[in-house]
Amino acid sequence: MSVLSIIACDMLEDELAYVLSKDSELEQLILVDKMECFGLQRKLKSLGCLPALIPLDRVQEILKNKTKVTVVANMLKMGLHMDVKMLKSEVYSNIREMSCFSDRILIFYGTCGHSLVNIEKDFEDLACQLFFLKDDSGKIVEDCISVALGGNDAYARAMVSSEDEGTFYLTPMWASGRMEIPKEMISELSELGKMYLKRYGRVAKINTGLSYEPDFDENVRDFARSFNLKIVEIEGSKKIAEQSYRDAKKFSS
């Protein structure tokens, strides 16, 4: 039996649902049984994929009796982006825990503002091989916007093209407003957000071809109205998620 584990950001829930549901060779899928995985479970179910839900501390025991190639997906909450140290700590601790029962682990994250920029070096001696979301140049993507646009270079080109008018980028998951923020921070962040968004003249709606969030159009319109931004549409891409998943799943040794 071979086990590929995936540690993923909730912001990339759509991309992960897509690659898992399109994998015709996937013999067995396990989702870690926790709140952060329920959205992924719902989307997979709507796509005809029925994963098993198992608590993380029981996965290794369950796998002892399995003979099929297995994928284990573990979603981490969006709110970790509020604290870069916590984000790094959670990703690293999950790598260590899941490496005990995995042959390979795909880190479904970008470098996230340099929070994970040293991740390859920090785990170079890990017995379990790690894979990452990389673009055509072989570099780990910067964040979920880079994933949605097709890589760091595509993101950079988009930024250059909008130099005269600052652009705020929205994917369906960003627009969903599902990031968990403590109540005591909401008012302060709202004021900071208004000041921050004054530098922008437009909001880019990134169309990746994934329509698992039905309120995407409405959410973008509401966001644009709230901050007096013009809406532009940008063609996105699924190739980073697709290629990275394929590379990680090639059990050649």
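The values are calculated or read from the model by the stated rules, or taken from the named source; none is laboratory data. Here the structure is a predicted model, which means the values were calculated and not measured. Here the Cβ positions follow ideal geometry from the backbone for every residue, glycine too, while neighbour counts run over all protein chains shown.
For region 3-35, a residue qualifies if it is over 21 Å from Lys250 (Cβ atoms) and over 12 Å from the mean Cα position of the chain (by Cα), and the qualifying residues are Leu31, Val32, Asp33, Lys34, Met35. Identify all residues within region 214-228 that are surrounded by 14 or more Cβ atoms within 10 Å (Cβ to Cβ) and under 18 Å from Gly201 (Cα atoms); write none if there are none. Across region 214-228, the qualifying residues are Asn219, Val220, Arg221, Phe223, Ala224, Phe227. Kindly indicate whether Ser102 is out of contact with any His (no Cβ under 7 Å at 6 or more places or on another chain) and part of a helix (DSSP H, G or I). So Ser102 does not fit the description; no.
How about region 143-175: which of its residues are part of a loop (DSSP other than H, G, I, E, B), surrounded by fewer than 20 Cβ atoms within 10 Å (Cβ to Cβ) and touching a residue at least 12 places away in the same chain (Cβ under 8 Å)?
The answer is Ser162, Glu165.
Out of Thr171, Thr167, Thr208, one residue alone is modelled with pLDDT of 70 or more, outside the structural domain of Arg96 (by TED's automatic domain parsing) and under 21 Å from Asp247 (Cβ atoms). It is Thr208.
For region 70-115, the candidate set comprises residues that are at pLDDT below 95 and of a type in the set (Val, Ile, Thr); within that set, the residue that is farthest from Cys128 (Cα to Cα) is Val84. Residue count for region 113-123 under the criterion of being farther than 22 Å from Val72 by Cα and either among the β-branched types (Val, Ile, Thr) or touching a strand residue (DSSP E or B) at 6+ places or on another chain (Cβ under 8 Å) (or both): the result is 1.
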